[in-house]
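The values are calculated or read from the model by the stated rules, or taken from the named source; none is laboratory data. It should be emphasised that the depicted structure is a prediction, and the values quoted were computed from it without experimental measurement. With ideal geometry, Cβ positions are generated from the backbone for all residues, glycine too; neighbour counts draw on all protein chains shown. Surface areas here come from the heavy atoms of the whole protein model, side chains and all, with no ligands, DNA or RNA. Shrake-Rupley method; radii C 1.70, N 1.55, O 1.52, S 1.80 Å.
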Amino acid sequence: MEGGVRLRAGASKWDVREKVWDYLEASGLADFPRPVHRRIPNFKGASHAATRLLGLQEFKAAHTVKINPDAPQKNARFLTLEARKTLLVPTPRLRTGLFNKIVPPSGATKEILRICATSQGIKEYSVPVGLDGKARVDLVVVGSVAVSEKGWRIGKGEGYADMEYAMMVSMGAVQADTPVITIVHDCQVVDIAEDLLDDHDLTVDYILTPTRTIKTNCKRPKPQGIIWRKVSYEMLGRIPILKTLRYREKQIGKDVTVQDEHSDLANANPPAALNQKAMAENTRSQAAMGSAQIGQHYVENDSLSPRLEGSGMITTVYVGNIPPSVRVSELKCALREFHATPLRLVWQGTQHRAFLDYKDKATAESAVSSLKGLSLGGNTLRVELAKNQRNKGQVEINSQK
C-alpha cells in the first residue's frame, strides 16, 4: 500500500511477516502486547475494526462463532457474547483440546462480558468442548499477520489457525461454505504472491480493518481436512487431540501416514526385538485369557506369567472415564494404534475403567504420554499412573478412585 508496507519481489512468507511487524512498530500503530514480532499483532483501531462484524449478515445469522484468543480479536469476542451467541475459543496451542466454550454467568453485565472476552476471562468462564460435542461452527474469526484482498492469509508461522480449521473440518464442525473472517490493520493488507500459499493454508472471505470491510470473493479452496503427510510425530505429541483424530480417520480407512512415520518408528519406538518380545508375551497371555460374566461386570484378565510375578517391576496405568458403550476390543485396538500395548490388561467396564500393566515405570510413563487426549465413545479418557501400585506377585489391583 502507498506509504505503508513495501515488499520486494520474491519475498518469502517470513519476509512478509518481518516487514509487517517492523512497520507496525515503527509507525506507532502497534498496541499491547509489545513488541508485536512473532505474534498475531495487536494494533490501534482493532476494537473499531471488530465492530464491522455487526454489519455482516453472516455474523447476524450465526449461532456459534469461533474466534481466536489473540488480543486484536478481544472486541470481536465481546460483541459475540453481547449478541448472545455461542463463543468458542481454541485452547492455547491446542494442548488440552480444541475448543473452550465461554459461559458467562447468568445475568452478566457488559462489564462482566468484557472480562469474559479477555484471556483471563477465557480461563475463568469457559468449559471444554470435546470432539464429540457435536459443535457446529457458523462463523470463524482468525487473526493474521498479513492478508491480501484476494483472501490469501499469512499467520505468525506456527500453523495453529490452519490446523484448527483442518481439525474442525475433520470433526464436521465447519462446512466448505462456512465464512472465515480476519481482523487486521489496513497496513496488513498487502499483495501476497500466490506461489507462497500451500494446500494447508487457510484463506479468508472477509477482511475487517478500521476503515474498510473487504469481501474477498476468494475462489481458492480452503483445507479439506488434516493433511497427515505434513504432520510430524513431534506435533502429535504437542497436540494430543490430533492423535484421537488420526485414530478415528484411520478407522474409516483414510491414509493417515505422517511425514516422519518410518524414521520415527525406527528411532523412537522400543528396539524391535524388545517390542516383538513384549507383543509375543501379550499374545501368549491373551491366548490364556479368562473371561467371566457376573451380572453386568465383565472382567477380562491375563494370568500373570512367572516372569512378571518375579520381576517386581510392573507399573500399572489407570484408564478411567470409559463410556458404557465402549468394548474392551476398542480399547485394545487403540492401545495397539498408539504403540501402548500392555503386558496385561484388566477390564472393569461396568466401573468405567481399566488397568494396564507395563514392564517398568518408564514404559508406563511413555504409554501415558502416548494416550493423553485419547477419546473413545464420546469421552476423553483419563489416563495416569495408578495411585496404588501392586507389590511383586500381587494379583489384585487396588481400586483407583
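Within region 147-161, the set of residues being surrounded by fewer than 23 Cβ atoms within 10 Å (Cβ to Cβ) and either at pLDDT below 90 or among the charged types (D, E, K, R) (or both) comprises Glu149, Lys150, Lys156, Gly157, Glu158, Gly159, Tyr160. Looking across region 224-244, the residues that are surrounded by fewer than 21 Cβ atoms within 10 Å (Cβ to Cβ) and assigned to a loop (DSSP other than H, G, I, E, B) come down to Gln224, Gly225, Ile227, Ser232.
For every residue, the table says whether it meets (1) more than 21 Å from Tyr160 (Cα to Cα); (2) touching a helix residue (DSSP H, G or I) at 6+ places or on another chain (Cβ under 6 Å); (3) of a type outside the set (S, T, N, Q).
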position: Pro41; (1), (2), (3): no, yes, yes
position: His48; (1), (2), (3): yes, no, yes
position: Asp70; (1), (2), (3): no, no, yes
position: Leu88; (1), (2), (3): no, no, yes
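Considering region 1-27, the residues that are under 14 Å from Asp186 (Cβ atoms) and of a type outside the set (A, V, I, L, M, F, W, C) include one that is surrounded by the most Cβ atoms within 10 Å (Cβ to Cβ), namely Tyr23. Residues of region 176-192 that are modelled with pLDDT of 90 or more, surrounded by fewer than 21 Cβ atoms within 10 Å (Cβ to Cβ) and farther than 14 Å from Val141 by Cβ: Asp177, Asp186, Cys187, Asp191. Lys85 fulfils the conditions (1) among the charged types (D, E, K, R); (2) under 30 Å from Asp191 (Cβ atoms); (3) open to solvent by less than 70 Å² (accessible area, probe 1.4 Å) except for a single criterion, (2).
Taking the criterion of being of a type outside the set (A, V, I, L, M, F, W, C) and under 23 Å from the mean Cα position of the chain (by Cα), the residues of region 173-217 that qualify are Gln175, Asp177, Thr178, Pro179, Thr182, Asp198, Asp199, His200, Asp201, Thr203. For region 65-102, the tally of residues that are closer than 30 Å to Ser369 by Cα and in a loop (DSSP other than H, G, I, E, B) stands at 8.
Look at (1) modelled with pLDDT of 85 or more; (2) touching a Lys or Arg at 6+ places or on another chain (Cβ under 6 Å); (3) farther than 26 Å from Arg248 by Cβ and you find that Asn321 fails only one, number (3).
Quick one: which of Thr203, Thr109 is out of contact with any Phe, Trp or Tyr (no Cβ under 7 Å at 6 or more places or on another chain) and hydroxyl-bearing (Ser, Thr, Tyr)? After applying the criteria, what remains is Thr109.
The test for being of a type in the set (Val, Ile, Thr) and part of a helix (DSSP H, G or I) does not hold for Val5.
With respect to the conditions (1) within 20 Å of Phe43 (Cβ to Cβ); (2) open to solvent by less than 50 Å² (accessible area, probe 1.4 Å); (3) of a type in the set (Ser, Thr, Tyr), Ser119 lacks only one, and its number is (2). Taking Arg220 as the residue in question, decide whether it is touching a strand residue (DSSP E or B) at 6+ places or on another chain (Cβ under 9 Å), assigned to a helix (DSSP H, G or I) and either over 18 Å from Val142 (Cβ atoms) or open to solvent by 30 Å² or more (accessible area, probe 1.4 Å) (or both). Spelling it out, it is not the case that Arg220 is touching a strand residue (DSSP E or B) at 6+ places or on another chain (Cβ under 9 Å), assigned to a helix (DSSP H, G or I) and either over 18 Å from Val142 (Cβ atoms) or open to solvent by 30 Å² or more (accessible area, probe 1.4 Å) (or both). I need the full set of residues from region 193-217 which are open to solvent by 50 Å² or more (accessible area, probe 1.4 Å) and charged (D, E, K, R), in order please. Scanning region 193-217 gives Glu194, Asp195, Asp198, Asp199, Arg212, Lys215.
Residues in region 325-342 that are assigned to a loop (DSSP other than H, G, I, E, B), within 14 Å of Ala367 (Cα to Cα) and either touching a His at 6+ places or on another chain (Cβ under 6 Å) or open to solvent by less than 70 Å² (accessible area, probe 1.4 Å) (or both): 4 in all.
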